[in-house]
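First the structure, in the form of structure tokens, and then the observations on it.
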Amino acid sequence: MIFRHFLLKVYEANAFIVGCRETRQALLVDAGDFDADIAEFLAANNLTLAKVFITHDHYDHTDALPEIVERYRPQVYAGKDRIAGVSAEPVGNGDEIPVGKFTGRVLSTPGHTPDGLSLAFPGMVFTGDALFAGSVGGTGSARLARQQIDHIRKHIFTLPPETEIHTGHGPSSTVAIESRFNPFFEK
């Protein structure tokens with residue numbers, strides 16, 4: 001698997017490319033800004049941006065989506081059928097997204113937003129703003145906060161402990177570290 005992290009200018013949001021070495025097909029996780037480094041990385045690695053996965057509908061994760069769709073014509077996957085003015089294939093918990101020879105599994109992680117999703121591949125998961133290293137994304141109520149915590153426990157913390165957690169902002173972590181030390185999950 002090809003993997004690359006990009007730190008974007010908009011609120012220091014993270015974006016990620018995962019790609020298949022055999023088919024050269026790639027998927028972009030979140031599209032808050034179109035950084036020239038993304039285009040350069042795709043070209044330098046002979047990758048076709050075939051798919052985009054949006055973790056949630058906030059501008060710092062979606063603003064560049066129209067430009068990316070116009071430029072690359074990828075299939076967009078999100079928690080609803082339109083996002084940032086672009087048509088998307090709505091996906092939910094348990095749905096699968098193939099990228100070349102490997103497949104990502106969609107995990108439901110609402111709370112920060114109603115349409116919050118994560119995407120898990122073997123050894124890594126992309127959580128958007130649902131889960132951060134040492135924190136969680138903000139919510140509008142105590143009920144939504146509980147919903148988010150419950151979904152993270154059920155869908156993220158049940159992944160193997162060595163699974164890398166790649167977040168919407170800030171550094172990456174692992175399931176082992178967050179499930180044990182993140183203060184939002186103290187029993």
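The values are calculated or read from the model by the stated rules, or taken from the named source; none is laboratory data. Everything numeric in this text was worked out from a predicted model, so none of it was measured. Note that each Cβ is placed from the backbone with ideal geometry, even for glycine, and that neighbours are counted across all protein chains shown. Surface accessibility is based on the protein's heavy atoms, side chains included, excluding ligands, DNA and RNA. Shrake-Rupley method; radii C 1.70, N 1.55, O 1.52, S 1.80 Å.
Within the range 11-40, the set of residues being in a helix (DSSP H, G or I) and either in contact with a Pro (Cβ under 6 Å, 6 or more places away or on another chain) or open to solvent by less than 30 Å² (accessible area, probe 1.4 Å) (or both) comprises Ile38, Ala39.
Look through the range 119-135, keep the residues that are farther than 15 Å from Ser108 by Cα and of a type in the set (Gly, Ala, Ser), and return whichever of them is surrounded by the fewest Cβ atoms within 10 Å (Cβ to Cβ). So, considering only residues that are farther than 15 Å from Ser108 by Cα and of a type in the set (Gly, Ala, Ser), the one surrounded by the fewest Cβ atoms within 10 Å (Cβ to Cβ) is Gly123. Within the range 117-144, residues that are β-branched (Val, Ile, Thr) have Cβ atoms under 9 Å from residues that are open to solvent by 20 Å² or more (accessible area, probe 1.4 Å) and part of a loop (DSSP other than H, G, I, E, B) in these pairs: Val125/Leu159; Val136/His112; Thr139/His112, counting only partners at least 6 apart in sequence or on another chain. The residue pairs whose first member lies in the range 51-68 and is under 16 Å from Leu117 (Cα atoms) and open to solvent by less than 10 Å² (accessible area, probe 1.4 Å), whose second member is outside any loop (DSSP other than H, G, I, E, B) and of a type in the set (Phe, Trp, Tyr), and whose beta carbons are closer than 6 Å, counting only pairs six or more residues apart or on different chains, are Phe53/Tyr77. Residues of the range 136-171 that are in a loop (DSSP other than H, G, I, E, B) and either among the hydrophobic types (A, V, I, L, M, F, W, C) or buried (at least 18 other Cβ atoms within 10 Å of the Cβ) (or both): Gly137, Thr139, Phe157, Leu159, Thr163, Gly168.
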